[in-house]
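Each remark here refers to the structure printed beneath this line.
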Amino acid sequence: MKAEIISVGSSLLTGRAVNENAAFLTRELTALGITIAEAVMIAEEPEKLTETLKRAEKHADLIVITGGLGPDADDSVKTTLSKYLKKAIGSG
């Protein structure tokens, strides 16, 4: 199984934060026998996330999205992912 890790956040791209989430996920997934095909850092921009998801779907069996400080009223990652998956936010 191949996985892609998508880390979202401007603080990662400016060097204000270290991408410890991706490092942790890489270790844990590898220990489970999952190959990391790619790990990317992107800005919190809906178009960039959509583009990255489309590309990841072509070569990864598992996509993990991480980043941000948590959901807030204008959480563009949650909204973009909901639209991409054609699933309403909060639905099961």
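A few points about this structure:
- Scan of the stretch 12-28 for residues that are among the hydroxyl-bearing types (S, T, Y) and exposed (fewer than 15 other Cβ atoms within 10 Å of the Cβ), ordered by number: T14
- Any chance I5 is open to solvent by less than 40 Å² (accessible area, probe 1.4 Å), modelled with pLDDT of 90 or more and more than 11 Å from the chain's Cα centre (by Cα): no
- Cβ-Cβ under 8 Å pairs, at least 6 apart or on other chains, the stretch 35-64 side under 19 Å from L85 (Cα atoms) and assigned to a helix (DSSP H, G or I), far side open to solvent by less than 50 Å² (accessible area, probe 1.4 Å) and among the acidic types (D, E): A56/E4; H59/E4
This table checks each residue for (1) over 13 Å from the mean Cα position of the chain (by Cα); (2) farther than 21 Å from K2 by Cα; (3) modelled with pLDDT of 95 or more; (4) open to solvent by less than 100 Å² (accessible area, probe 1.4 Å).
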{"site": "E38", "(1), (2), (3), (4)": "no, no, yes, yes"}
{"site": "M41", "(1), (2), (3), (4)": "no, no, yes, yes"}
{"site": "E44", "(1), (2), (3), (4)": "no, yes, no, yes"}
{"site": "G67", "(1), (2), (3), (4)": "no, no, no, yes"}
{"site": "K83", "(1), (2), (3), (4)": "yes, yes, no, no"}
{"site": "S91", "(1), (2), (3), (4)": "yes, yes, no, yes"}
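The values are calculated or read from the model by the stated rules, or taken from the named source; none is laboratory data. Keep in mind it's a predicted model, so treat the numbers as computed, not measured. Please note: Cβ atoms are built from the backbone with ideal geometry, for glycine as well, and neighbour counts cover all protein chains shown. Ligands, DNA and RNA are excluded from the accessible area calculation, which covers all protein heavy atoms including side chains. Shrake-Rupley method; radii C 1.70, N 1.55, O 1.52, S 1.80 Å.
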